[in-house]
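Following: one structure in structure tokens, then a few remarks.
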Amino acid sequence: MEHNEIVCVILCGGQGKRMRSTDRHKVCFGIAGTPAIVRTVGTLKSVGLSRFLIVVGQMAEQVIATVTAEHPDVAFVYQSSPRGTGHAVAAAVSVLSAAGHDGYVLVLMGDKVIQPNVVAELLNRHAETAPNLTVTTLPKTSSTTAGRVVTDSAGRALGIVELPDIRRAARTRRPVRLAGRRLTAGQIERRSQSVNASLYLFEAQTLYRAIASLNDDNAQGELYLTDTVEHIAGAGGKIALMHVKKEQDLMAYNTPEELLAVEEVLRLRLAGRRRITAAKPKLSRRCLRPAGQWLKIIEQNPPRLRRAMTAIYGPDEDLLSERLKALAGVTRTFIKAYGPTRPVVLTRAPGRINLLGRHIDHRGGYVNVMAINREVVMAAGPREDDTVTLVNQQASEFPRRQFRIGELLRSANWFDWMDFINSATVRQVLDASRGDWSNYAKAAILRLQHACPDHRLTGADYAVAGNIPMGAGLSSSSAMVVGVAEVAVALNGLDMTTQQFVDLCGEGEWFVGSRGGAADHAAIRSGERGRIARVGFFPFDIAETIAWPDGLAMVIANSGIRAAKSAGARDTYNHRIACYNLAEMIMRRRVAILRNMEHLREVDPGALGVSPAEVYRALKQVPVQVTRRGAARLLADESDRFKEIFATHDDVGPYRLRDVAMFGIAECRRSDMYADLLRKKRGSQIGTLMRISHDGDRVVRFTGRKTKAHVLSYSDARLERLITEVTSGDPERCAEAALWAQPGRYACSTKEIDLLVDLACSTKGVLGAQLAGAGLGGCAMILCRTDAVRGVFSALRKGYYRPRGLKFDVHLCHPVAGSGILSI
């Protein structure tokens, strides 16, 4: 089913007397400043529909003038007398059949206020199931006056009965005939769980036959469009029902009061939405110049370029030389693909490591992050259209890609980013390109466009290069997202704060399927040379930056096992986040002091004014583990919420709620301690925190040549022992039972990373080591004294890389400046 095969028939024949206006048609009333009918046509166009036939009658001239002022490509047909919705559609059918239209007909009322995602889902559902008719429905409430959708015991549609006919049947005690059955008013109500939403998608020939069968033998003496459902069902046709879960996604109005209510819904949506504005780009010659000119400057390395590079990377000559070569390389890649005369900007986005505060940014916890000297670099030239092209220096691994922003967003719900990324359209895009590198560019640009609905973003031609190992836990994907976003913001003149930039990049990466926080993007954007940033969330806050102490070194060792967020591993990532969400929901219900908790970080004895023992008692209220079915029973009245949670991942086994919650609560406390310890240069104590944190992610433990599975769980008995110890009054016992000293069990390490950690921790001069990144592969990070670096390299080469025949991939990290456009 192609979109150009669909004609949209919009019914605007009746005046709408209940609107109490003698000089304005119902569909011409403004909603948030836009006439309702103009808004409706715009919504349909936003999902790619382009053929329109509007049925007019009363005040036809006003409706035509209102529509054509914004949409001159729309056609009209006149309904001579208002004899019901079926009669209005019959007027349209006479035109369509005469024109030989043999595709599909979308029918709706002109007073509908519809979200684009509803129309997109209707089109997708119809294409997937290929029925003769798809009817949208809404939940039935006690106050609704819409027609009742009556189904049989198997849920198949039998027909739609209008409320006046139900009332007549109740008053006269005469049954309603429907699909060969005689149904009383009560039977109709019992057989209908939903009501007609007045949005239909017909096969054209099916509609033509059904319209010809209509009669006015009903309580209102009109031709009902809804009677086509009974006709099609009776003729053996296939009818699909599409249930719209959110009533606010498909609204209508009949009175001024209802119109105000619709406006209020739109106002609240706009108020709660993160919006940014666009202005004319103001890029100076210091950052936008022809690619050939950039290459000449880089090769000559004049003092102004050297000053800019030193401000980013520091004075290390080897590092500066390496980064200049990288910039020259990506500029040559651009020139080869697009030519030397195209104006370009050069941008960079470093990788990052989270030194402490693993898996808690989306719980509101602080992270302690370093932007590192591994990065993605880009040369990008502006375009006048909305096309984005991507070429990579490693073309064999990352082939050329191209997409159009408008095509990807044509089915977007412009109010709800989550609805859009969970939509069938996005699933189809991702299924067709799972794991493709271009998805991270789409993630950045689509999120920015979604936040800037009043301005269509222009595209760009990108050349990309980088030296951040993929799947190594150093945020190569997030660096790609941030780098593309930096270019899009600059070339489109987008006006936003650092907080907005970070939040939008974090939410943008949800496009690829993971549901992490924005810690990586915060580190990449906000890094400072030679310093560590302590970053908080909800709201975003760079609380402080701390100088990296002399005498300490951070070493990164790549395990060689990729952590592929875009592939199956995302199910495990999102499974752990689901554990957090379910545990929080249960604690709010069962623990009085946590009833108003918004984020897990709030389970803090100090902030709550309670002892750690009370936190352990609160955790006893959380099940050790639950299945999906068990969670549904526990949270039966929050079914929409846990369905949303489960939609992010396949069922990969039980949800270990208590162990994951313990990890998150304790990690928040460890992260809070880190900055003060770093400021005081207490490396040994930081190393202890790192070891405990890694034990919460560990899956095995290596002792000499022996390995032992690491399984830690917080049973009721274990929690009772902690309560006893922490209330004992004995300093040593209290310290061992302290909240920060509990590893919990998040279990996102691998046996390879566990081996790297254990090899490092057995090396002289090493203070601590742990998983770097989100886990399931990637790197280990090792804190050691600077004089121990050579020993660490030797131990890892001998104990890990050489026995496995792996390329030695260990390097020393330096804190560098955050992402940005190069300006000299």
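The values are calculated or read from the model by the stated rules, or taken from the named source; none is laboratory data. This is a predicted model, so every value here is computed, not measured. Here the Cβ positions follow ideal geometry from the backbone for every residue, glycine too, while neighbour counts run over all protein chains shown. Side chains included, ligands, DNA and RNA excluded: accessible areas come from the protein's heavy atoms. Shrake-Rupley method; radii C 1.70, N 1.55, O 1.52, S 1.80 Å.
Observations on the structure shown:
- Whichever aspartates and glutamates have a C-alpha closer than 17 Å to that of Lys245, once near sequence neighbours (fewer than 8 apart) are set aside: Glu121, Asp416, Asp419, Asp637, Glu638, Asp640, Glu644
- Of the residues Lys681, Lys282, ranked by 1.4 Å probe accessible area with the largest first, the sequence reads Lys282, Lys681.
- With DNA, RNA and ligands ignored, accessible area of Thr703 (1.4 Å probe; Å², nearest 10): 100
- Annotation: per residue accessible area for the chain equals 41 Å², rounded to a whole number [probe 1.4 Å, protein chains only].
- Here the alpha carbons of the range 619-756 define both size measures, Rg and Dmax, at 17.5, 52 Å.
- The angle between the Cα long axis of helix 657-679 and the main principal axis of the chain comes to about 50°, on a 0 to 90 degree scale.
- Rg to Rh quotient for the range 475-551, alpha carbon positions, Kirkwood Rh: 1.00
- Classified by the C-alpha gyration tensor, the range 527-671 has an oblate form. Its axis ratio a/c, with a ≥ b ≥ c, is 1.5 or above, and a/b does not exceed b/c.
- Whole-percent carbon and sulfur share, accessible surface of the range 315-362, 1.4 Å: 56
- Rounded FRET efficiency, nearest 0.05, which uses the C-beta distance separating Thr145 from Arg174 and R0 of 25 Å: 0.75
- Listed residue (Ile211, Gly351, Ile54) projecting farthest to the positive dipole end of the chain, Cβ model: Gly351
- Measuring nothing but alpha carbons in the range 630-682 and taking Rh as the Kirkwood radius, the Rg to Rh ratio lands at 1.23.
- Cα centroid separation, the range 289-347 to the range 648-714: 41 Å.
- Reachable lysines, given that their alpha-carbon falls under 21 Å from the alpha-carbon of Lys17 and they are not under 8 places away in the same chain: Lys26, Lys112
- Within the chain, helix-based [θ] at 222 nm, where runs of 4 or more DSSP H residues each add -39,500 (n - 2.57), nearest 500: -12500 deg cm²/dmol
- Ranking Arg629, Arg173, Arg531, Arg156 by solvent-accessible area of protein heavy atoms (1.4 Å probe, all protein chains present), from largest to smallest, gives Arg173, Arg629, Arg156, Arg531.
- Between the listed residues Leu390, Gln402, Tyr366, the Cα displaced farthest toward the positive end of the dipole of the range 341-408, a dipole computed from Cβ unit charges relative to the Cα centre, is found at Tyr366.
- For the range 1-96, the direction-averaged projected area of the alpha-carbon convex hull comes to 6.5 nm².
- Largest first, the residues Trp548, Trp740, Trp417 sort by 1.4 Å accessible area into Trp740, Trp548, Trp417.
- Here the extension length gained between Phe808 and Asp730 equals 23.4 nm, from 0.36 nm per residue of separation less the Cα-Cα distance.
- Antiparallel beta bridges, as assigned by DSSP with both residues in the chain, represent about 75 percent of the total such bridges.
- Nonpolar atom fraction for the range 710-824, defined as the carbon and sulfur part of the 1.4 Å probe accessible area, stands at 52 percent.
- Under the convention that each Lys and Arg Cβ holds +1 and each Asp and Glu Cβ holds -1, the size of the dipole of the chain around its Cα centre is about 1640 debye.
- Each pair of Cα atoms in the chain enters the Kirkwood radius, and Stokes-Einstein at 20 °C and 1.002 mPa s then converts it into a translational diffusion coefficient of 72 µm²/s.
- Distance distribution P(r), the range 116-225, all Cα-Cα pairs, bin width 5 angstrom from 0: 2, 11, 19, 22, 22, 14, 7, 2, 0 percent.
- With respect to the chain, whose longest principal axis is taken over its alpha-carbon atoms, helix 476-492 is tilted by about 60°.
- Alpha-carbon centroid distance for the pair the range 544-596 / the range 459-528, whole angstrom: 19
- Accessible-area composition of the range 63-178, carbon plus sulfur, in percent [1.4 Å probe]: 49
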